[in-house]
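Below is one structure, written out as structure tokens; comments come after it.
Derivation of every value follows stated rules applied to the coordinates shown; laboratory data play no part. Bear in mind that the values here come from a model prediction, so they are computed numbers and not experimental data. Counting neighbours? That spans all protein chains shown, and the Cβs are built from the backbone with ideal geometry, glycine included.
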Amino acid sequence: MGEGGAKKERRYLFDKPGNVRRLFGVYYPWLGVLLLAELLVDRHVIFPWEGWPGFYAAFGFVACVALVLAAKYVLRPLVMRKEDYYE
Amino acid sequence: MSEPLAPFMIFFIGAALVPVLRGRCRKGLLLLIPVLGFLNLIQLGEGPHWGLESMGYTLVLARVDRLSLLFGYIFHLVALLGFLYALHVEDPLELGAAMAYAGCALGVVFAGDLLTLFVFWELLSVASVFLIWARRNRASLEAGFRYLLVHVAGGLMLMAGIVLYVSETGSTEFGYLGLQGPATALIFLGMGVNCAWPGIHAWLTDAYPEATVTGTVFLSAFTTKAAVYALARAFPGTPVLIWIGAAMTAFPIFYAVIENDLRRVLSYSLINQVGFMVCGIGIGTPLAINGAVSHAFNDILFKALLFMSMGAVLHRTGRIHATDLGGLYRTMPLTCIFCMVGAASISAFPLFSGFVSKSMVMEAAALGDMRAVWFLLLFASAGVFHHAGIKIPYFAFFSHDSGLRPKEAPLHMLLAMGLTAGLCVFIGCAPGFLYGLLPYPVDYVPYTGGHVLGQSQLLFYSSLAFTLLILSGIYPAEMRASNLDADWFYRKGARALYRALERTLPALGELGRGLLVDGLAAGVGRMTQDGPARLVLLLLSPLWRLGGAKGEELASKAARIRETLAHGATPVGLGAAAATLFLFLLFVLG
């Protein structure tokens, strides 16, 4: 939204940069807390790798990056056609 | 009331009344039928009800046990929520079809014999296609025909399998079948079509996004879950299901990342979630079966919720592509919050419903030491958060400001979404209620420190990946496009085949006329008389021989098949069904 429009229209929650900053201000430290919490929580694991420090965090991050890169650079070139392809 | 009705009957009565009533009376009826149905259902004690003798077969219209009851409860519940959401709809076709469709799904779930199962299975496809056609545009008309075509083919396989099975065993009971021989394999495949297995899934992602705003909500609840029920009933512990399920969880998420139509993104994630159920059924331990059916229960709710929220967006803005949307949280904050509850539930965040059921399937895979499967499921868990958990709310309600300032969703839609969201949170926080309904006793504890922490790490670090990819501009921009999928084979491939035949056949025709008219006509005449029997025998005789059948036994088996088919004791003549299929092909492609 341009600044001109903002005068007339209400400014909503995330139109204020401060709120976005505050959100990230909670989000990034929370990621750290989740890693440190491993030291406190008693974990029963079935597979040995589940007990490695940060296993789930690393897996989630890597899996999603791999997913997006594969979808963008492998799948999309293979399957994407014009919107009216089937017309 | 002497004997309670079979569950489907009440919905069929409702469907018949929908076109007769108007205005408030009709709206009242829509909400009353699921409630009456539920009150009727809890009157039905466990065991078979409504047994009939027909053509020498025993039909059971309402077989009640813990497995069918669980699906019965959730189908009534989602019907009520769906009709609440659909209260603005005036179109009697759409409402009547939805009512009949819910009835058919209940018919499938409570069918005690294979013939009843087959009849409701077919009606289910016919009723549901009207929810697609009720959108009344060209895209939905065409997608509906393709949808019907695939389901007719699936229904044929199911029917052929049932005919073979009944003539082989003499039993019509719909219980555990197991994968043993061609009859059960055909039934297995027929069920697989409705379950959207990889390669035969494209009817779902093709047609669901073309249905009406409310139609998609009903569609997402019934067809695939009725198929999950049928598999859990007939094929639990079938190992190939583990891999089919694992593949279902993994491949759709790649498509979901690049798909622009947000209801199609949800359709891909529907396949992904059904994959967890199919995988659990394949593992087959009590924990896995409990996980599969409880996940079906939860998925019906959170997937309906997600389709409701996207439906509300479509209803208010007339748009559903990510490229056209964005920033809607400003004026549709409640829809946005409900959507995020659905997103958190499907992503299996702790305290939301998906967490208490999906983790059972994961745990069952781990306890069975299925490492590769476990990793695939974990990958899919991260992936589903990525596309359904973040992408759907982000591109619709946040992202760039599209400039659209639609009104908040109508009150009845908000109520339906609010109630569904409340149920998702309730089940997530108090899973004991759902666990008490499961077919096997549950000694599984979802809320351990390890589970909660592991899942939270997985999800939050997936979200970190999304955040960084968006901020760095690597995340693929949404584009207006069609992405090829398995439906290409019948949308383009079949058309090309048809054209090729059109060009080559006339020439061949001249050449072959003499041969055909003079030589083969008589043969064709014979084939139409007893062709189906010959076909079946051709398929079965070698298998019987392999099985050790000789001489007299072989002859008596063959005679039984001939007799069954000659007397038309099969539900529909195979020849007629094949002809119908052929006509459909011509109609769709011509």
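Straight-line cross-link reach from A:Lys16 at under 16 Å between alpha-carbon atoms covers these aspartates and glutamates, not counting any fewer than eight positions away in the same chain: A:Glu3, B:Asp401.
Shown here are the Rg and Dmax of the Cα trace of the range B:302-362, at 13.3, 39 Å. For the range B:227-240, backbone phi angles converted through the Karplus equation (6.51, -1.76, 1.60; θ = phi - 60°) give residue-by-residue couplings of 5, 4, 4, 4, 5, 5, 6, 9, 10, x, x, 8, x, 4 Hz, Gly and Pro being listed as x.
Each Cα pair of the range B:22-126 feeds into the Kirkwood radius, which the Stokes-Einstein equation turns, at 25 °C and 0.890 mPa s, into a diffusion coefficient of 168 µm²/s.
Applying both filters, DSSP loop and at most 12 other Cβ atoms within 10 Å, to the chymotrypsin sites (Phe, Trp or Tyr not before Pro) of the range B:149-254 gives B:Tyr176.
Angle of helix B:449-472 to the longest C-alpha principal axis of chain B, folded into 0 to 90 degrees and rounded to 10: 80°.
Per residue, the convex hull spanned by the Cα atoms of chain A measures out at 223 cubic angstrom. Computed from Cα positions, the angle between helix B:23-43 and the longest principal axis of chain B comes to roughly 70 degrees. Charge tally around B:Val274: other residues with Cβ under 9 Å, Lys/Arg +1 each, Asp/Glu -1 each, net 0. If you run the Gaussian network model on chain A, springs between alpha carbon atoms under 10 Å, then out of A:Tyr12, A:Tyr28, A:Tyr56 the most flexible one is A:Tyr12. Here the average projected area of the convex hull drawn through the C-alpha atoms of the protein assembly as shown stands at 34.0 nm². When the pairs A:Lys82/B:Lys391; B:Lys303/B:Lys407; A:Lys82/B:Lys358 are compared against a 27 Å limit on Cα-Cα distance, A:Lys82/B:Lys358 fall above it.
Based on Cα atoms of the range B:153-241, Rg over Rh with Rh as the Kirkwood radius reads 1.03. Going from the fewest other Cβ atoms within 10 Å to the most, the residues B:Asp324, B:Asp443 appear in the order B:Asp443, B:Asp324.
Each principal axis of the Cα atoms in chain B has its own extent, and those three values, largest first, are 75, 58, 56 angstrom. What angle do you read, to the nearest 10 degrees and between 0 and 90, between the alpha-carbon axis of helix B:494-513 and the longest principal axis of chain B? In chain B, helix B:494-513 runs at an angle near 10 degrees to the longest axis. Taking DSSP loops as anything outside H, G, I, E and B, show the longest stretch in chain B free of GluC sites (Glu not before Pro) there with at most 15 other beta carbons within 10 Å. That gives B:91-590 as the longest site-free run. Relative to its Kirkwood radius, the Cα radius of gyration of the range B:220-298 gives an Rg/Rh of 1.00. Amide hydrogen proximity for B:Asp113: with H placed 1.01 Å from N in the peptide plane, the residues at 5 or more positions away or on another chain lying under 5 Å are B:Val60, B:Phe174. Largest GNM mean-square fluctuation across A:Arg21, A:Arg76, A:Arg43, computed for chain A with C-alpha springs under 10 Å, falls on A:Arg76. Stokes-Einstein diffusion of the range B:272-418 at 10 °C, 1.306 mPa s viscosity, Kirkwood radius from Cα pairs, rounded to a whole number: 100 µm²/s. Each stretch of four or more DSSP H residues adds -39500 (n - 2.57); spread over every residue of the protein assembly as shown, this sum gives -22500 deg cm²/dmol at 222 nm. Counting only residues at least eight positions apart within a chain, or on another chain, the aspartates and glutamates with an alpha carbon under 19 Å from that of A:Lys72 are A:Glu83, B:Glu259, B:Asp261, B:Glu478, B:Asp485. Across peptide B:385-393, the mean count of Cβ atoms from other chains lying within 10 Å of each residue's own Cβ comes to 2. Once backbone amide H atoms are built at 1.01 Å from N, B:Ser482 has A:Arg81, A:Lys82, A:Glu83, A:Tyr85 as its partners under 5 Å, excluding neighbours fewer than 5 places away on the same chain. Normalised Debye scattering of the range B:338-443 at q = 0.11, 0.13, 0.14 Å⁻¹ gives log10 I(q)/I(0) of -0.46, -0.61, -0.69, counting only Cα atoms as equal scatterers and leaving out solvent.
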